[in-house]
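Here is the structure we will look at.
The values are calculated or read from the model by the stated rules, or taken from the named source; none is laboratory data. The model shown is predicted, which means the values in this text are computed figures rather than measured ones. Backbone-built Cβ (ideal geometry, glycine too); neighbour counts: all protein chains shown.
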Amino acid sequence: MTKSRDAPVASQDPRMTCGLVIDDHPMIHLGCSQLLTDVGFDEVLAASSAEEGIAIARDRQPDFAVLDLGLPGAGGLNSIDSLRAVAPAMRILVFTMNDRPAFAARVLEAGAHGFLSKNAAPDRFREAIAAIRAGGIYLDHETAMKLVTRRSVSSGCPLAGLTPREREVLFALGEGLDLSRIASDLGVSYKTAANTSSALKKKLGARGLNDLIRIAIENGDERLA
């Protein structure tokens, strides 16, 4: 018996059809939704908090998520793990204002499939979507080059014993940022940022916050590129 000429043929390259934008800014929802639609997503869902995004991901099992880590509630790096737990097959692109290369590395280590600054051009967004949909990991060229070329810290440097997070907090303090802003930028709680600051004082023998800022400025050439 031969197959009917009209019988449907199973696709050998099934495309993802459902996207999810998790961000608390309506304009980001609008722009990302349009871009996702432009590249072939049939449906785009929206959430304005990490908790809402996790609930939608659990119920709808979208194929792709655009995630801002600076969200109210249970945001931050932990939201990546939570999303992957409820929707294991979903691919995640972190879309954030924090464009520090060290933060990008932590995002990928946490399980995201791509990292893109909100300052990037729309073509970069499309590029990221294409790379991640194809099964790859995406970093924009500038961020990738900074990660590849950043200098290793010499053993004689006073910052040699610091963890990557401690270095991030130290240099953020050197930029004049307060702990609330640092916590938001790094996607951690205020308590974590404060505890890291306390650890820095002990490790570096700093007498207070001003001392940490001085150390950060004096060692600015040791900052991750």
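Numbers for the structure displayed
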| read-out | value |
| --- | --- |
| Members of the range 175-191 that are assigned to a helix (DSSP H, G or I) and in contact with a Gly (Cβ under 9 Å, 6 or more places away or on another chain) | A183, S184, D185, L186 |
| Of all residues in the range 119-145 being assigned to a loop (DSSP other than H, G, I, E, B), hydrophobic (A, V, I, L, M, F, W, C) and touching a residue at least 12 places away in the same chain (Cβ under 8 Å), the one that is surrounded by the fewest Cβ atoms within 10 Å (Cβ to Cβ) | I137 |
| Single residue of the range 100-113 satisfying the filter (among the small types (G, A, S) and in a helix (DSSP H, G or I)) that is modelled with the lowest pLDDT | A102 |
| Criterion: touching a Lys or Arg at 6+ places or on another chain (Cβ under 8 Å) and outside any helix (DSSP H, G or I) - qualifying residue of R207, R167 | R207 |
| Odd one out for L200 among (1) closer than 25 Å to R84 by Cα; (2) assigned to a helix (DSSP H, G or I); (3) modelled with pLDDT of 90 or more | (1) |
| V94 being modelled with pLDDT of 90 or more, of a type outside the set (K, R) and more than 19 Å from A172 (Cβ to Cβ) | no |
